[in-house]
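Every number here is computed from the coordinates shown, using simple stated rules; none is lab data. A quick note: this is a predicted structure, and the numbers were derived from the prediction, not measured. Cβ sites come from the backbone with ideal geometry, for glycine too, and all protein chains shown count toward neighbours.
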Amino acid sequence: MDKIEILAALERKVRWLATWMVHNANHLRRSDDGLKVGGHQASSASLSTIMTALYFAALRPEDRVAVKPHASPNFHAIQYLLGAQSLDKIENFRAFGGAQSYPSRTKDVDDVDFSTGSVGLGAAQTIFASLAQDYLRAKGLGADRPEGKMIALVGDAEMDEGNIFEALLEGWKHGLRNTWWVIDYNRQSLDAVVREGLWERFEAIFRSFGWDVVILKHGSLQQAAFAEPGGDALRTWIDNCPNQLYSALTFQGGAAWRKRLLDDIGDQGPVSKLIELRSDAELAELMGNLGGHDLPSLLEAFEAARSHDRPVCFIAYTIKGFGLPLAGHKDNHAGLLTPAQVEGMRAQMGVRPGREWEPFEGLAGEADLRRFLENVPFRARAKRAASATVTAVPAKLDVELAREMSTQQGFGLIMRNIAKTGGEFADRVVTTSPDVTVSTNLGGWVNARSVFARQNLADTFKAERIPSTFVWDASPKGQHVELGIAEMNLFLMLSAFGLSHAIFGERLLPVGTLYDPFIERGLDALNYACYQDARFILAATPSGVTLAPEGGAHQSIATPLIGMAQDGLASFEPAFVDELAAIMRFGFDYIQRDGRAEPDPSTWLRDAVGGSIYLRLSTRGIEQPQRAMDEGLAADVVNGGYWMRRPGPNAQLVIVYQGAVAPEAIAATGLLAEDRRDIGLLAVTSADRLHAGWSAALRAREIGRPNATSHVERVLSELPRHCQIVTVIDGHPATLAWIGSVHGHRTRALGVEHFGQTGTIADLYRHFGIDAAGIIRSAEALFPGRPARHLSVV
Ligand SMILES: Cc1ncc(C[n+]2csc(CCOP(=O)(O)OP(=O)(O)O)c2C)c(N)n1
Ligand SMILES: [Mg+2]
């Protein structure tokens, strides 16, 4: 068998296995509960040829692929044939513990490079992965590994996602290399058939961003037919055929093709012979032989693109549902083959009942196929997944404390000091920001470590000796990647750089900054970054209403809840800079952990596993406490909270605060203490971690570990029964409202619930009732009849 014959056999096998996988999941395994999940048989089949050409021939082990989410069945089938996926997993496709419906780095076992599912993100991630590869090369890191291609298999309707265009523009700015996007141009989306002539838009877009564009429209069968007498007429007919009609005729098959072609061009001389020479089946094969289903064309195109490093967009014409009875039908996205149709396909594929999963069932030349599979270049390296050693983090991060300062200021100083201290740790840090580098206080770091670019770019202002606080020299040595404003790109960048250890085998410690409210702009990309276990520190500032007069429109309310709810992200909101230094020290270590250990018995947090870090910071300057940050306090800060003022044995009231409202909480506590001597003040640095530990400990006790206790349970354990709690945050009050449930204390939760009011911080805190007077008012409402004596003071 020659290579093309072998690949053709493998393509049929991939198509069969993918179809059977979905059929098994829907009709056989789940027959008892009647649950039918979307088909994806059509979406998979559309890419079966392209993925066969890639995985079994064109890919090299160093290449990385973002697979179109709905082609997941193909992916698992291919990995199964390559010996990297188990039968058990694909038999349980989409079931608990089985292969995932969309390829997942963290949930699948078969060598997924990028998790996809939310369309648009996988494609864009390849651009930033490519940038990460260039960044490492520029630093001489990982130079012993060959450069890989970062490849995305992209649906044509997926191209509607705006984040794709943001990423293309960013890629262009950074001189993108080694990136291939293969657009699965099946001219169908989920609902319908796409607009005519979309490929021309795609071509123009990619060319304008500096990409090569390769259009794979006609396969080799079609090209041969075009060379026959009458071939020109056929070609013209195909090129002018509307997408809807092509799809409909594909669905109807050979006889319909014949009728339509003869009706339309049958009177045009030799072309009728060209048509008549072919049987219905041959005619259907010819008309379905689009570039994306033609192995020789695909291999040639991929090989040609391997010879240079320019980014390439392949627009590959395909048929959604290729080779399946639902091919081309506009409703086929969630369509499933009926059991009868699967039986028809089984017969066509020569698969005997009970042998559906056997790799070589129904294929001739098993020995050739086996040999071929053993020598597939993609599998040449046994383990494609990489890992990197942990970069040691200094025992303490230095920061000069002023009497009054903000956490954003502290962040800038800590970063600048890391830059100055130097060493391996500082060298592995890479920062990035979507055009808010200066306004989030990264300027000091950038001045010390400079901006990254593959070529040297001088800062003209500096060269012209024009005084400026910031130096924007760029060079391959630079450690700051400056991005355009698109926040989606920030999170994609953190995702790609935050997977450097796992993808390129080199540790990077990415730190990204943005304005807190704009987390919401990039939230899906943040979610996917965490989902694929990328590791980074996110510093979001300013936050809450603390930007005050400047920014009614820049306020963030929901972000503390996002921080709590986002899996894989430990969120912190320190009030003071010494707390921030302790948290960042922990954070740089935490983002490098990948243990699978038991939860920490003192907090019930999964700290050995690690994750990413979110710091919600503020521009509000507040008076700093004069204290030593000893180990005990630092541990409490990292665990999520500590007593700023320990409650007495008869405490009737405890005030709990998180973040920049510390001065208000402290003032209210002081005033209330006149009458309520046992009052306590709890400083919360991470509602997220307190809550996570608490629910983990609850679960542990419920399943028979009676001694499991979390940090917050311990901290609040001394409160007498009758004690009541007022919580306060410059953010949504629900962030801390749960705290009363820990031991059953009545709680009033204060915070911000409305967006966009401008004013000074004092105006706004008063307006939302989170100033000292507001806290006291709420405390008094809990104890009617005992007004605080000094209320008039505030
Ligand atoms: C962000 C996001 N929005 C919506 C969806 C739901 N969805 C899944 S596939 C799809 C259409 C995809 O069409 P296309 O990219 O052309 O792929 P094809 O199905 O043709 O293979 C949609 C809307 C999704 N997965 N992600
Ligand atoms: Mg499509």
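Listed values, structure above:
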item: Cα gyration tensor category, rounded, prolate or oblate, for the stretch 61-209 with a/c compared to 1.5; result: oblate
item: Rounded if a/c under 1.5, otherwise prolate or oblate - the stretch 675-794, Cα gyration tensor axes; result: oblate
item: Kirkwood Rh and Cα Rg combined as Rg/Rh, the chain; result: 1.05
item: Two-decimal ratio, the stretch 146-201, of alpha-carbon radius of gyration to 2.2 N^0.38 Å; result: 1.29
item: Within straight-line cross-link reach of residue 259, aspartates and glutamates at Cα separation under 13 Å, skipping those fewer than 8 residues along the same chain; result: 267, 276, 280
item: When each of 149/383; 13/217; 13/107 is checked by Cα-Cα distance, pairs over 19 Å; result: 13/217; 13/107
item: Reach of residue 420 by Cα under 19 Å, taken over lysines that are not fewer than 8 positions away in the same chain; result: 139, 396, 477
item: Amide H contacts under 5 Å for residue 570, placed H, 5+ residues apart; result: 612, 613, 614
item: Estimated distance in nm for a label pair at residue 331 and residue 743, the labels positioned 7 Å out from Cα along Cα-to-Cβ; result: 6.2 nm
item: By average C-beta atoms within 10 angstrom, highest first, the peptides 469-477, 71-79; result: 71-79, 469-477
item: Fully extended contour minus Cα-Cα distance, from residue 252 to residue 224, at 0.36 nm per residue; result: 7.7 nm
item: In sequence order, calculated HN-Hα J values of the stretch 344-349 (Karplus, 6.51, -1.76, 1.60; Hz; x Gly/Pro); result: x, 5, 4, 5, 4, 8
item: Relative frequency of Cα-Cα separations exceeding 19 Å in the stretch 378-447, percent; result: 49 percent
item: Peptides 627-638, 313-324 ordered by average Cβ neighbours within 10 Å, highest first; result: 313-324, 627-638
item: 222 nm mean residue ellipticity, helices alone, for the chain (DSSP H n ≥ 4; -39,500 (n - 2.57); rounded to 500); result: -11500 deg cm²/dmol
item: Convex hull volume per residue for the stretch 271-354, taking Cα atoms only, in Å³; result: 187 Å³
item: Cα-based reach from residue 462 at 12 Å (exclusive), listing aspartates and glutamates while leaving out same-chain residues under 8 positions away; result: 473
item: Extended-chain gain in nm, criterion 0.36 nm per residue less alpha-carbon gap, residue 757 and residue 347; result: 140.7 nm
item: Spherically averaged projected area in nm², based on the convex hull that wraps the Cα atoms of the stretch 1-125; result: 7.7 nm²
item: Net charge of Cβ neighbours under 14 Å - reference residue 17; Lys, Arg +1; Asp, Glu -1; result: 0
item: Long-range HN-HN contacts of residue 155 with modeled amide H, under 5 Å; result: 184
item: Karplus 3J(HN,Hα) series, Hz, for the stretch 275-289 with 6.51 cos²θ - 1.76 cosθ + 1.60 (x for Gly, Pro); result: 6, 5, 5, 9, 6, 4, 5, 5, 5, 4, 5, 4, 6, x, 7
item: Dipole of the stretch 643-726 [Lys/Arg +1, Asp/Glu -1 at C-beta], most positive-end residue of 690, 723, 658; result: 690
item: Selection of GluC sites (Glu not before Pro), the stretch 429-538, meeting DSSP coil and at most 12 other Cβ within 10 Å; result: 464
item: For 105, 310, order by how many other beta-carbon atoms lie within 10 Å, fewest first; result: 310, 105
item: DSSP beta bridge pairing in the stretch 569-690, given as percent antiparallel to the nearest 5; result: 30 percent
item: Spherically averaged projected area in nm², based on the convex hull that wraps the Cα atoms of the stretch 489-636; result: 9.6 nm²
item: Efficiency of FRET between residue 201 and residue 310 - r from beta-carbon atoms, R0 25 angstrom, step 0.05; result: 0.75
item: Residues whose placed amide H lies under 5 Å from that of residue 654, excluding near-sequence neighbours; result: 680, 724, 725, 726
item: Rounded to 5, the percent of DSSP beta bridges in the chain classed as antiparallel; result: 15 percent
item: Cubic angstrom per residue, convex hull over Cα atoms of the stretch 481-548; result: 80 Å³
item: Over the stretch 337-409 - Rg/Rh using Cα atoms and the Kirkwood inverse-distance radius; result: 1.53
item: Stretch gain in nm, segment residue 245-residue 698, where the contour uses 0.36 nm per residue and the Cα spacing is subtracted; result: 157.1 nm
item: Backbone HN-Hα couplings from phi across the stretch 423-431 [Karplus 6.51/-1.76/1.60, Hz, Gly and Pro as x]; result: x, 4, 4, 4, 5, 8, 6, 10, 10
